[in-house]
Amino acid sequence: MDAGVPSTTGKFKSEKPHHHLNYHQRLLRLHYFPLSKFLSWSLFAAVILFGLFLISPHSPSALRFSSTTERRSLRGSYSAASWGGFEWEKRVRSSARIRRRPSGLSVLVTGAAGFVGTHASDALRRRGDGVVGIDNFNDYYDPSLKRARQALLSRSGIFLIEGDINDGPLLRKLFDLVAFTHVLHLAAQAGVRYAMLNPGSYVHSNVAGLVSILEAARTANPQPAVVWASSSSVYGLNTGVPFSESHRTDRPASLYAATKKAGEEIAHVYNHIYGLSITGLRFFTVYGPWGRPDMAYFSFTRDILAGKTITIFEGPGGVTVARDFTFIDDIVQGCIASLDTAKKSTGSGGTKQGPAQLRVFNLGNTSPVPVVELVSILERHLKVKAKRKVVKMPRNGDVLFTHANISSARAELGYQPTTNLQTGLKKFVKWYLAYYPSTAGSSVAKKRGGRGSSSS
């Protein structure tokens with residue numbers, strides 16, 4: 001096993017929640033006000049359909065849309081000519097081959113060069129499942145990190161295809177070559193704030209991309225079971241604490257959340273009409289080694305080591321932002337348990353033959369921690385004092401806190417997070433300093449009085 005990829009979940013006990021419900025309820029009263037009840041699903045559906053219309057290749061505006069922001073901003077080296085041929089097909093079949101008999105899986109993992117995708121693919125391969133990955137390697141964040149993850153998977157014997165989930169012919173070819181038992185759909189445009197700069201990329205990846213995957217799955221024979229990444233962001237302006245799968249999710253606070261909520265409704269349609277077995281997973285603030293550079297814990301680490309000022313948001317009345325930080329190994333545990341417990345799809349030839357499984361689960365740690373405490377933990381592990389700047393949270397789609405109720409996942413998946421934030425951040429910092437060794441040296445120089453980077 002590669003040293004860079006964490007082992008299976010450790011034996012650390014979860015931190016007990018130390019923020020009482022009253023804290024959250026008081027926070028919500030300060031920040032949220034009820035929306036009027038005439039918010040209709042038809043309006044929500046119209047927005048999503050309009051987005052689909054824009055990206056449709058038959059839309060009069062398709063050419064104009066495809067040449068605008070999301071295609072300019074999110075570049076990748078993928079081209080339709082980069083796949084196919086005898087050797088390519090041989091690598092696909094070899095990577096998909098199941099080594100664990102008789103109960104092994106053959107899984108197509110989308111977004112396999114991403115944070116969760118890399119860890120999940122590696123865990124599946126280590127237990128003997130067949131894995132084929134697909135990723136378009138866009139530049140939402142540094143593609144070199146994705147290439148490094150690809151190298152890890154390659155050493156584990158996983159073929160990661162450079163391709164786009166909206167490429168219908170590529171997906172059909174993959175399902176022609178391999179009778180995948182499951183699809184683990186993790187490819188998506190992530191990030192809440194970036195949606196304000198590049199909204200089209202979210203519709204393209206999170207809505208059209210999901211439809212593309214479900215279309216390929218429903219026409220496959222046999223149909224695979226689908227497990228896909230929704231998000232805790234769907235809870236939006238929900239006022240229930242902790243967030244439960246039964247709570248309302250019709251008041252998203254960001255476009256990212258709206259596209260994930262749309263995905264859950266689309267999943268229901270494909271389950272209802274075509275008999276696809278579908279499980280949606282609402283991830284809560286995933287962190288750990290090989291993580292995403294746009295996440296707060298990652299960028300805080302980078303800036304603390306560089307001697308730069310970090311910005312910490314607070315809510316009305318000085319209430320701090322809190323998150324239900326969930327370690328990557330715990331999330332992978334939930335993903336694999338969802339694959340293992342997924343029932344077979346019931347469609348054949350694109351036609352439903354009977355009722356099919358439809359599930360949604362929260363995957364969190366159940367222990368919300370204030371961001372200021374996260375910073376303090378990072379300071380201890382990095383042995384560097386952070387330069388803090390506290391500002392009021394802007395209206396950028398972020399919410400003040402998240403808190404997962406995982407009783408359903410615990411009962412049906414056997415899901416039990418075991419890594420607390422102190423332990424998880426220690427593992428992340430160890431990886432970070434090994435992957436970016438020059439940053440460790442610069443932080444030592446600063447503590448000895450050397451000149452550092454300017455603050456931002």
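Read-outs: derived from the displayed coordinates by stated rules, not from any lab. Since we're looking at a predicted model, the values are computed, not measured. Glycine gets a Cβ as well: all are built from the backbone with ideal geometry, and neighbour counts include every protein chain shown.
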Residues R172 and S348, FRET efficiency given R0 of 30 Å [Cβ-Cβ distance, rounded to 0.05]: 0.95
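Please work out the Kirkwood hydrodynamic radius for the stretch 359-423, using every pair of different C-alpha atoms, and report it in angstroms with one decimal place. Before the final figure, lay out each step's value.
Details: mean 1/r = 0.0687 Å⁻¹.
Value: 14.5 Å, from the Cα pair sum.
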For the stretch 333-380, just list the percent of Cα-Cα distances falling in each 10 Å bin from zero outward, please. 19, 27, 22, 15, 11, 6
Provide Rg and Dmax in Å for the stretch 121-175, with only Cα atoms included in the calculation. 12.1, 32
Label-reachable residues, the stretch 305-321, where backbone N falls under 17 Å from a point 7 Å from V372's Cα toward its Cβ: 310-321
What is the ratio of the Cα radius of gyration of the stretch 145-251 to 2.2 N^0.38 Å, with N the residue count, to two decimals? 1.28
Can you give the convex hull volume of the alpha carbon atoms of the stretch 244-378 per residue, in Å³? 148 Å³
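What are the trypsin sites (Lys or Arg not before Pro) within the stretch 166-274 that DSSP puts in a loop, where the Cβ has at most 13 other Cβ atoms within 10 Å? Write down the numbers at each step before the final one.
Values: sites: R172, K173, R193, R218, R248, K260, K261; in loops: R248.
Sites meeting the loop and neighbour criteria: R248.
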Please compute the Kirkwood hydrodynamic radius over the stretch 163-202, one decimal place, Å, based on all pairs of different Cα atoms. 12.4 Å
